[in-house]
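Student: Structure below; questions to follow.
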């Protein structure tokens, strides 16, 4: 599976997480293992071996506010241990809008810290695309990837014009709006994700063995034959840009 990319997956949420991690690593899939809390990031760093292919991102998911408070000290302490921040962002859907102000406070803090150290960010933006983009731009975050974008085409154009990337997953191919979004993104700004185990493929939980088929589905939809090379080149460009900005 050389040069496949999965730029957003919650490895720790699989019951057989060690097997999942080892599959990504052994198959040489370039993988962003996102976390939902700083404490989970630290546990993952201590539990999994260092890998050329699987990189662990420091996160605080906006849906987690009611479960565990954000600990700035822990976030700051662990930030030096990775070049990736995720999953972070804002979620203004009906189940989470009640925490809007606290979400914004935390996200603004994360944006400032991320920009100061030129990290690469994987961003959640459900029903909050304008606010997410405004904060990224205000704090000068250069390297952001919008995960599973579901907003308007108008706001999408602002994301594209801001030179951010978007990571697409197979669930987007199953809806009319998702397909419209996919068609609207320049190929040079596309990455692919599974968002496993939260996403489904063939009516079951997505697993990393599905990745070649997922890429073929996107190729068929987009009418191209070389998506793996395009996404690999896009990731490489993102990494080079991040390294140059340090």
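Read-outs throughout are calculated quantities, based only on the coordinates presented, and are distinct from any laboratory measurement. These numbers were taken from a predicted model, which means no experiment stands behind them. Cβ sites come from the backbone with ideal geometry, for glycine too, and all protein chains shown count toward neighbours.
Student: Compute the distance in nm between two label points, each set 7 Å from the Cα along the Cα-to-Cβ direction, one at residue 160 and one at residue 237.
Tutor: 1.3 nm
Student: Continuing with the same structure: What's the extension gain from residue 94 to residue 16 if we count 0.36 nm per residue and subtract their Cα-Cα distance?
Tutor: Separation in residues times 0.36 nm, less the Cα-Cα distance, equals 24.9 nm.
Student: In what order do 162, 167 fall by count of nearby beta-carbon atoms within 10 Å, going from fewest to most?
Tutor: Starting with the residue having the fewest Cβ neighbours, the order is 162, 167.
Student: Where does each of 166, 246, 227 land when they are ranked from fewest to most other beta-carbon atoms within 10 angstrom?
Tutor: Result, fewest neighbours first: 246, 227, 166.
Student: How much of the DSSP beta bridge set in the chain is antiparallel, as a percent to the nearest 5?
Tutor: Once the DSSP bridges in the chain are tallied, antiparallel ones form about 10 percent.
Student: Between residue 222 and residue 27, what is the label-point separation in nm under the 7 Å Cα-to-beta-carbon projection?
Tutor: In this crude spin-label approximation the distance works out to 1.9 nm.
Student: Can you compute the helix-only [θ] at 222 nm over the chain? Use -39500 (n - 2.57) per DSSP H run of at least 4 residues, normalise by all residues, nearest 500 deg cm²/dmol.
Tutor: Theoretical 222 nm ellipticity from helices: -13000 deg cm²/dmol.
Student: A further question follows. Along Cα→Cβ, 7 Å out, is where each label goes; now give me the distance between the ones at residue 45 and residue 116 in nm to one decimal.
Tutor: That separation, rounded to one decimal, is 1.6 nm.
Student: So what's Rg/Rh here for the chain, counting alpha carbon atoms and using the Kirkwood radius for Rh?
Tutor: 0.93
Student: Which whole-angstrom value gives the distance between the alpha carbon centres of the stretch 212-226 and the stretch 36-95?
Tutor: A separation of 31 Å, based on Cα centres.
Student: Using bins 10 angstrom wide from zero, how does P(r) for the stretch 105-177 break down, in % of all Cα pairs?
Tutor: Percent of pairs per bin, in order: 20, 54, 22, 4.
Student: While we're looking at this one, here's another question. Give the order of 21, 41, 48, 7 when sorted by the count of other beta carbons within 10 angstrom, beginning with the fewest.
Tutor: By the 10 Å Cβ count, ascending: 48, 21, 41, 7.
Student: Please find the FRET efficiency linking residue 205 to residue 175, where r is the Cβ-Cβ separation and R0 is fixed at 22 Å, and quote it to the nearest 0.05.
Tutor: Calculated value: 0.70.
Student: Additional query: Which values of log₁₀ I(q)/I(0), to two decimal places, follow from the Debye formula for the stretch 58-163 at q = 0.15, 0.16, 0.23 Å⁻¹ with a uniform point scatterer at every Cα?
Tutor: After summing over all Cα pairs, the log10 values are -0.56, -0.64, -1.31.
Student: Counting only Cα, what are the radius of gyration and maximum Cα-Cα distance Dmax of the stretch 144-246, in Å?
Tutor: Gyration radius and largest Cα-Cα distance of the stretch 144-246: 13.6, 43 Å.
Student: Given a cut-off of under 8 Å on Cα pairs at least six residues apart, what relative contact order in percent is computed for the chain?
Tutor: Rounded, it is 19 percent for the chain.
Student: Ok, one more. Taking 8 Å as the Cα distance limit and 6 or more residues as the minimum spacing, I'd like the relative contact order of the stretch 30-116 as a percentage.
Tutor: The normalised contact order for the stretch 30-116 reaches 30 percent.
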